[in-house]
1. Working only within the stretch 34-58, note down all residues that are at pLDDT 80 or above and open to solvent by less than 60 Å² (accessible area, probe 1.4 Å).
2. Only one of (1) touching a residue at least 24 places away in the same chain (Cβ under 8 Å); (2) open to solvent by 80 Å² or more (accessible area, probe 1.4 Å) is not met by Q89, so which one is it?
Amino acid sequence: RGRELDRQRAELAAREQLRARSAATVQRLEALNAQLGPTGASAPSLAVNGADYKQSVMQWADQQRQHLAAREADVAVQRQAVLAMARKQEAVGQLLDRVGARLRAEDERRQQKGQDELAGQVWQRGRA
């Protein structure tokens, strides 16, 4: 049980790391796009080239945003799986504690009953 929860947590951490990398990539592409500025170059071929480059960067940023959204959804699903596993592990632990307490109480009753029987036998032998 504990190993499975640890494995789930490690998987969540790995997915969160991928999500963070995607978010950083999107931020860098947006910053690059902002730095490009207007494409009004004096030569038409340079203007077309600059516009194509800027459009490519914008498309790449859009693609990365889609990847980021998918990774965020993946992280949310994994987080829910970790929470469910932790709840299940806690419930099983509580059940084991209750069963253990019941078994200990039953064992104590058996021991007390045995001691009471021995005490009764000793008392009866003392009267005879």
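1. Those that are at pLDDT 80 or above and open to solvent by less than 60 Å² (accessible area, probe 1.4 Å): G50, A51, K54, V57.
2. All conditions are met except number (2).
Condition check ((1) in a helix (DSSP H, G or I); (2) touching a residue at least 60 places away in the same chain (Cβ under 8 Å); (3) open to solvent by 80 Å² or more (accessible area, probe 1.4 Å)) across all residues:
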site: R9; (1), (2), (3): yes, yes, yes
site: L12; (1), (2), (3): yes, yes, no
site: R15; (1), (2), (3): yes, yes, no
site: A24; (1), (2), (3): yes, no, no
site: L29; (1), (2), (3): yes, no, no
site: Q64; (1), (2), (3): yes, no, no
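The values are calculated or read from the model by the stated rules, or taken from the named source; none is laboratory data. Here the structure is a predicted model, which is why all the values come from computation and not from measurement. Cβ coordinates were reconstructed from backbone atoms using ideal geometry, including for glycine residues, and neighbour counts include every protein chain displayed. All accessible areas refer to the heavy atoms of the entire protein, side chains included, with ligands and DNA or RNA removed. Shrake-Rupley method; radii C 1.70, N 1.55, O 1.52, S 1.80 Å.
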